[in-house]
Each structure stands twice: as C-alpha cells, then as structure tokens.
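What follows is a single structure, written as structure tokens, with notes after it.
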Amino acid sequence: MILPNLGMERRDFMKAGAVAGALGGLAGCTGMLDDNSGGQTTNGAPNAHVPPGELDEYYAFLSGGHSGDIRVLGLPSMREIMKIPVFNHESARGYGFDDKSREMLEEAGGYTWGDTHHPRVSQTDNDYDGRWAFVNDKANGRMARIDLQYFETDAICNIPNQQGTHGACCVLPDTKYVIGVGEFRAPIPNDGRDVDDPSEYGSVFAAINPETMNVEWEVLVDGNMDNGDGGKEGKWFFTTGYNSEEGVTESEMTRSDRDMVKAFNIPAIEAAVEAGNYETINEVPVVDGRQDSSLNQGDDPIVKYIPTPKSPHGVSVTPDNKYAIASGKLDPTASVIDIEALDEVSDPEEAIVGRPRLGMGPLHTAYDGRGHAYTTLFIDSQVVKWDIEAAVEAEAMSEDPVVEKIDVHYNPGHLIASESYTSDPEGDWLISLNKLSKDRFLPVGPMHPENDQLIYIGDDENGMELVKDKPSYAEPHDASIVQADKIEPAKVYDPEDIDLEYTGAGDETIERVADDRVEVKMYSMRNEFGFPEITVKEGDTVEMQVTNIEQTSDILHSLVIPEHDINIKMAPQETTKVTFEADDPGVYWMYCGFFCSALHLEMRSRLIVQPED
Ligand code: RUQ
Ligand code: CUA
C-alpha cells in the first residue's frame with residue numbers, strides 16, 4: 001500500500017495536544033488489573049516466580065536515566081542483581097574514587113553525572129555476542145562501553161560536536177559502529193559563533209568505533225534527531241526526529257504536522273569520507289547530510305528524509321529487517337517504512353507502506369518474532385499489540401491491525417521484549433517501563449518510584465498478561481534482554497587484564513620515590529592489609545596500590561581511608577590504585593568496607609601522617 005496522504009488528521013493532533021498538556025496530573029487508570037502478586041498467573045503465562053537458589057533465564061540491562069547507571073535484572077524474576085555505574089560516582093564499587101575510573105571520568109569531561117537512556121548489547125551476525133554493552137549520556141553528549149566479562153564501564157567517548165546524545169544503537173549485523181544520535185541543535189563548533197542565529201545551529205549523527213571508542217565520522221543534518229535503530233544488513237540506519245521547524249521554543253518546534261525520519265546510508269557515507277567530502281570540525285570528519293547538500297542530490301543520497309507525522313519518537317527495525325517502524329508520539333499512528341523499497345523509490349515518502357492507528361501517544365515498539373509489534377501508548381497508559389503485515393495490507397489510519405491492548409500503570413515510555421533487537425526474538429517476556437507508579441506501591445513521599453511491569457506475550461490465543469510490578473528508582477528508559485547463556489562473566493579478575501602490578505603476600509613495598517611522594521604496593525586478604533601501618537610525611541602525595549589476593553569468588557575487600565574521601569574496591573585478584581594528598585597530620589584507621597569474614601572489623605591498618613617537623 002502506498003499512502004497518498006501523510007498528513008495527520010487535525011482532530012487527532014488537537015486531542016493529543018490537549019491530553020499531553022495534562023500529563024503531569026492525570027494518567028489513564030481504567031481497567032486496572034488487581035493481580036500483581038509476584039508471579040501467580042491466570043492464563044498461559046509460565047510461573048515468573050524463580051525459587052530461591054535458582055537462576056533466571058535472561059539478563060535485562062536497564063538504563064538508570066539520570067541516576068547515570070545501568071541496572072542488571074534477572075528475568076522473569078525481575079530481581080535486581082547488580083548496578084553498573086557508568087556516568088555517576090558510586091562508592092560501593094569505588095567507581096570514580098580509584099585512579100583508573102577517576103581519570104576515565106575526568107577525560108570524558110569531568111562531569112559527575114549523566115543521563116543513561118539506551119543500553120544496547122553488541123551483536124555478531126545479528127545475535128548477542130556477550131562482549132559489550134553501550135549506553136549514551138543524553139545530558140553531556142557521551143557514549144560509554146561496558147565490558148560484559150567484568151560488568152564494568154571500561155571506556156567513555158565524549159562525542160565532539162554533539163550536545164545531547166539521545167539515540168544509541170549499533171550498526172548491525174556485527175556492531176561495526178555504535179551510533180550516537182545528536183538531539184539538540186547548537187552551533188557547530190559551539191565556540192560562541194552564531195549564538196543568536198538558530199538557523200545556523202545543527203545536530204550530528206556520530207559513528208563510534210566500538211574497539212577504540214573514537215568517533216570515526218559524523219553527519220550534519222537538518223532538524224533535531226531523537227531515537228535511532230540500525231537495519232540488520234549494515235546499510236540503513238534510521239533516526240526519528242522532531243523540530244524539523246528548527247525552532248527554539250515549544251510552539252515553534254511543534255508548528256508543522258510532519259517531521260522527518262532520516263535514513264542514513266552507511267556505505268554511501270563511508271564513501272564520502274573516503275573521498276574526502278567532509279570538513280574537519282573538532283578533529284572529526286563531518287559530512288554534510290543536510291537536504292540541500294550536494295551529497296544528497298544524486299541517485300545515492302547519504303541521507304533520505306522521510307516525512308512522518310508528527311514528532312516521531314521511537315524507531316525500531318523488525319527482526320526480519322523488512323521494516324523500520326516509527327511511532328508518531330503526537331500522532332496516534334505508527335509509520336511502517338519498507339526498507340527494501342527505500343532503495344528503489346525516488347520519493348522516500350513512498351517507502352511508507354503502512355500507517356496503523358494505534359492509540360494516543362505511541363512512543364516505542366518491540367517485537368515477538370511472530371509478526372507482532374508492541375507499542376507503548378504514553379497517553380492512553382497502554383501497550384498495544386498489532387499485526388505488522390496486517391498494517392501493510394490495511395488502509396492508512398485503520399485500527400484493524402490492532403490485536404489487543406493491555407493497561408499498564410502508568411504512562412509507559414519504552415518497552416522491550418526478550419531479544420527484540422536481534423533477528424530472532426524469543427517472544428515470551430516484555431517489560432513496560434512506566435514513568436508513573438502513583439498508587440501501586442507503599443507511599444514514600446512526594447517522589448514516587450517508577451514501575452517496570454513484566455508482561456507475558458507468549459500466548460497469542462489468550463492474550464497478553466500482566467505478571468509483575470517492580471518499583472524502580474528514576475528512571476529507566478530502555479533495556480536490552482539477553483539470554484543468560486550468551487553472557488559469560490568472569491568469576492574473579494584475571495591479573496593479566498589489569499595494567500597495575502600484582503602484589504602478592506611478601507611482595508609488599510613502601511618506597512619514597514621523590515621528596516614528597518610515597519608509593520605503597522600491598523596485598524589484602526582475610527583479615528589483613530599488607531602493612532599494619534604506613535607512615536608518611538605531612539604534604540606527601542601517596543600512591544596506594546592494593547591487590548586482593550583471594551582466589552575465592554565473592555570475597556571482596558575495600559580500602560577506606562577516613563577523612564580523605566577514599567573508598568576503593570578490590571574484587572578477588574583485582575589490583576586497584578588511588579593517589580591522594582596526605583595533607584593533615586594525624587592517625588587514620590584504614591579499614592576494609594566489605595564484611596569479608598568474622599574478623600572483618602579487625603581488618604584495619606594505621607595511616608600515620610607525621611607532622612612536617
Ligand atoms: S527515549 S522513554 Cu531515550 Cu523514549 Cu526515554
Ligand atoms: Cu576485607 Cu572486610
């Protein structure tokens with residue numbers, strides 16, 4: 001079906017606008033299910049209760065939003081297993097305290113927080129390979145990499161020319177690039193030029209090499225971008241966007257009824273870079289992908305602009321790579337873009353082959369691998385299940401493709417189904433990440449938790465079933481759900497993977513390496529540090545390096561130095577270092593912060609800082 005008219009009906013927009021205005025106050029709360037009893041199910045859903053001592057089937061990696069971290073949940077239990085600090089500082093892990101993580105955060109801009117939205121796990125041949133997860137910092141224009149052997153952040157890229165990295169996703173099938181989708185338009189470079197001339201602002205699409213975490217190239221575009229998702233064949237990458245008006249106030253940004261989905265032709269961009277068709281800005285090759293760029297005039301434009309109603313928000317590619325589906329946000333429909341047709345049509349609008357009417361405030365879409373799409377309806381507080389091919393067959397604006405709607409509590413943003421971002425989703429569990437929880441949990445004051453709801457989607461006959469509520473701290477935006485056996489975390493550190501020298505029992509040293517600099521290398525084990533006391537002079541810089549020589553998994557130690565703002569963690573076989581100034585003479589009881597044995601409280605040493613004379 002080719003759609004003759006892409007305009008949104010005026011009436012729908014009015015409705016959307018009116019309800020959007022009232023969002024702060026009211027959420028739809030009709031038809032609440034009253035069973036959220038930890039996994040007792042009423043129709044086809046398998047029991048989601050995972051008994052004590054048993055392991056979950058899936059990992060779910062949820063972004064923590066402005067908490068700046070990643071949360072690791074087990075599915076279907078929804079038990080939160082671990083947190084991975086990324087852009088924040090976190091004392092239990094000593095993240096942001098030890099030299100390595102502190103320097104990494106410092107080099108990535110020195111910010112103390114970030115806004116994580118879209119965790120994506122690396123893939124090989126369109127399937128999870130267990131190597132890395134990536135996540136963006138929407139606040140400060142950054143992308144981080146998490147090593148899934150150690151479940152820790154190991155690199156952060158501060159993306160030049162990008163203010164507000166919103167979408168984050170990999171170029172598949174083999175994670176050739178991690179893409180940072182630039183949201184806010186600002187002068188490029190942002191050095192004081194054009195501050196009063198918004199028409200000169202721009203936003204860029206950034207391709208990051210996952211191995212080096214450096215930006216390889218960027219593409220400058222018209223309008224704002226929002227979310228993104230990659231096709232599975234390495235050619236097309238899609239971003240949604242709002243503000244094609246290029247306004248700077250809300251009313252300017254929402255004036256027109258259509259915005260642009262942009263389809264980036266990765267090989268054509270690479271060819272332009274190869275041919276030197278770029279300008280270097282802040283050391284990055286920036287290719288001009290604006291509509292009037294010469295690179296967009298021929299038969300093989302580097303960016304195709306697809307007019308779509310209205311401020312489309314989420315976009316995701318179907319598991320079979322046939323369609324990219326963009327949700328209308330301020331329009332009650334989704335646009336189904338035929339990826340193959342995109343290669344053929346001269347007018348990109350003709351690649352839109354379906355426009356089902358889904359409900360109010362469609363935001364994000366996930367897949368079950370059985371031909372269904374699941375879209376969150378922010379304003380309606382529902383998840384709608386619909387049939388993708390039926391939407392292609394149906395007339396535009398038809399509700400016929402809708403299979404079923406389920407109430408969620410309340411105002412869902414993102415949703416994610418198990419392995420939905422691969423070419424072979426499992427089609428059993430779905431999490432709806434709801435922004436408001438209102439009455440669902442014991443009251444805890446004016447700041448409420450959010451509500452991550454587990455929904456079983458494996459039974460097409462009996463329909464979707466709400467299985468569990470899980471309160472979550474603000475605020476998850478997106479997730480990736482990965483089969484547990486595709487990830488192989490280390491049990492203890494391999495000292496070979498750590499740049500610092502391993503210090504075993506008997507190898508400990510205290511050395512004055514300069515007049516005012518002392519280097520300590522020591523081990524830690526139950527129930528002692530390598531030295532019962534360490535004496536330095538007032539004014540010394542102390543480099544303190546500690547190895548946890550335990551072989552037994554799960555026996556952690558840390559080194560806390562009171563009144564010096566220091567807590568570094570040492571997992572088994574890990575060596576960690578902290579450098580600090582011993583400015584105040586006195587005695588400081590350095591202790592271990594993990595309750596590691598019955599003699600844990602006795603695991604302490606004196607740091608003696610001798611007065612200068
Ligand atoms: S975007 S739900 Cu990053 Cu929808 Cu948050
Ligand atoms: Cu080591 Cu407590």
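A few remarks follow.
- Residue check for Thr365: modelled with pLDDT of 95 or more, hydroxyl-bearing (Ser, Thr, Tyr), touching a Leu at 6+ places or on another chain (Cβ under 7 Å) and away from ligand 2 (no atom under 16 Å from the Cβ): no
- Any pair with Cβ under 7 angstrom, 6 or more apart, that starts in segment 570-597 at a residue that is under 11 Å from Leu559 (Cα atoms) and more than 16 Å from ligand 1 (Cβ to nearest atom) and ends at one that is open to solvent by 50 Å² or more (accessible area, probe 1.4 Å) and in a loop (DSSP other than H, G, I, E, B): Lys577/Leu500
- Counted residues, segment 393-420 - those being open to solvent by less than 20 Å² (accessible area, probe 1.4 Å) and either in contact with a helix residue (DSSP H, G or I) (Cβ under 6 Å, 6 or more places away or on another chain) or touching a residue at least 60 places away in the same chain (Cβ under 8 Å) (or both): 13
- Some residue of segment 299-317 being surrounded by fewer than 18 Cβ atoms within 10 Å (Cβ to Cβ), touching an Asp or Glu at 6+ places or on another chain (Cβ under 9 Å) and hydrophobic (A, V, I, L, M, F, W, C): no
- Failed criterion for Gly164 (all others in (1) modelled with pLDDT under 95; (2) under 30 Å from Met570 (Cα atoms) hold): (2)
- Unmet criterion (only one of (1) farther than 16 Å from Met260 by Cβ; (2) modelled with pLDDT of 95 or more; (3) away from ligand 1 (no atom under 15 Å from the Cβ)) for Thr376: (3)
- If you go through segment 272-314 and pick out every residue that is modelled with pLDDT of 95 or more and within 16 Å of ligand 1 (Cβ to nearest atom), you end up with 2.
- Cβ-Cβ distances below 9 Å connect the following pairs, each with a first residue in segment 186-212 that is farther than 24 Å from Met253 by Cβ, a second residue that is surrounded by 12 or more Cβ atoms within 10 Å (Cβ to Cβ) and among the hydroxyl-bearing types (Ser, Thr, Tyr), and a separation of six or more residues or different chains: Ala207/Tyr177; Ile208/Tyr177; Asn209/Tyr177; Pro210/Ser122; Pro210/Thr175; Pro210/Tyr177.
- Gly182 fulfils the conditions (1) in a strand (DSSP E or B); (2) over 17 Å from Asn282 (Cβ atoms); (3) of a type in the set (Gly, Ala, Ser) except for a single criterion, (2).
- Those residues of segment 190-209 which are within 19 Å of the chain's Cα centre (by Cα) and surrounded by fewer than 20 Cβ atoms within 10 Å (Cβ to Cβ), in sequence order: Asn209
- In segment 356-384, the residues that are closer than 20 Å to Asp320 by Cβ and of a type in the set (D, E, K, R) form Cβ pairs under 6 Å with partners that are in a loop (DSSP other than H, G, I, E, B) and away from ligand 2 (no atom under 16 Å from the Cβ), at six or more places apart or across chains, as follows: Asp368/Pro425; Asp368/Gly427; Asp368/Ile457; Arg370/Gly427.
- Look at (1) open to solvent by 20 Å² or more (accessible area, probe 1.4 Å); (2) part of a strand (DSSP E or B); (3) within 16 Å of ligand 1 (Cβ to nearest atom) and you find that Ala326 fails only one, number (1).
- Considering segment 576-613, and only residues there that are among the acidic types (Asp, Glu) and away from ligand 2 (no atom under 16 Å from the Cβ), the residue that is nearest to Glu152 (Cα to Cα) turns out to be Glu581.
- Glu152 over 28 Å from Glu488 (Cβ atoms), open to solvent by 20 Å² or more (accessible area, probe 1.4 Å), acidic (Asp, Glu) and modelled with pLDDT of 95 or more: no
- Residue in segment 275-290 that is touching a Lys or Arg at 6+ places or on another chain (Cβ under 9 Å), open to solvent by 20 Å² or more (accessible area, probe 1.4 Å) and away from ligand 2 (no atom under 16 Å from the Cβ) present: no
- Of all the numbered requirements in (1) β-branched (Val, Ile, Thr); (2) within 16 Å of ligand 1 (Cβ to nearest atom); (3) within 26 Å of Lys322 (Cα to Cα), Thr422 misses one, and that requirement is (2).
- Among (1) farther than 30 Å from Phe61 by Cα; (2) open to solvent by less than 50 Å² (accessible area, probe 1.4 Å) - the single one Tyr493 does not satisfy: (1)
- Residues being open to solvent by less than 40 Å² (accessible area, probe 1.4 Å) and closer than 16 Å to Pro362 by Cβ - total across segment 421-458: 4
- Selected residue (only one of Leu358, Leu363 is within 16 Å of ligand 1 (Cβ to nearest atom), in contact with a strand residue (DSSP E or B) (Cβ under 6 Å, 6 or more places away or on another chain) and more than 22 Å from Gly231 (Cβ to Cβ)): Leu358
- Any hit, segment 471-480, residues being modelled with pLDDT of 95 or more, under 20 Å from Asp380 (Cα atoms) and away from ligand 1 (no atom under 16 Å from the Cβ): no
- Strands (runs of 3 or more DSSP E) fully within segment 510-613 that include at least 1 residues being open to solvent by 10 Å² or more (accessible area, probe 1.4 Å) and either of a type in the set (Lys, Arg) or touching a helix residue (DSSP H, G or I) at 6+ places or on another chain (Cβ under 9 Å) (or both): 517-525, 533-537, 540-548, 566-570, 575-582, 586-591, 604-610.
Each row is one residue, and each column tells you yes or no for (1) over 13 Å from Val315 (Cα atoms); (2) of a type in the set (S, T, N, Q); (3) within 16 Å of ligand 1 (Cβ to nearest atom); (4) modelled with pLDDT under 95.
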{"residue": "Val219", "(1), (2), (3), (4)": "yes, no, no, no"}
{"residue": "Asp226", "(1), (2), (3), (4)": "no, no, yes, no"}
{"residue": "Lys232", "(1), (2), (3), (4)": "yes, no, no, no"}
{"residue": "Trp236", "(1), (2), (3), (4)": "no, no, no, no"}
{"residue": "Tyr242", "(1), (2), (3), (4)": "no, no, yes, yes"}
{"residue": "Glu250", "(1), (2), (3), (4)": "yes, no, no, yes"}
{"residue": "Ser256", "(1), (2), (3), (4)": "yes, yes, no, yes"}
{"residue": "Lys262", "(1), (2), (3), (4)": "no, no, no, no"}
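- Single condition Gly369 does not satisfy, out of (1) more than 16 Å from ligand 1 (Cβ to nearest atom); (2) open to solvent by less than 10 Å² (accessible area, probe 1.4 Å); (3) within 26 Å of the chain's Cα centre (by Cα): (2)
- Test: residue in segment 522-535 that is β-branched (Val, Ile, Thr), modelled with pLDDT of 95 or more and within 16 Å of ligand 2 (Cβ to nearest atom): no
The values are calculated or read from the model by the stated rules, or taken from the named source; none is laboratory data. Note that the structure is predicted; figures quoted are calculated from it, not measured. Positions of Cβ are generated from backbone atoms using ideal geometry, with glycine treated the same way; all protein chains shown enter the neighbour counts. To get the accessible areas, we keep the full protein, side chains included, count just its heavy atoms, and leave off ligands, DNA and RNA. Shrake-Rupley method; radii C 1.70, N 1.55, O 1.52, S 1.80 Å.
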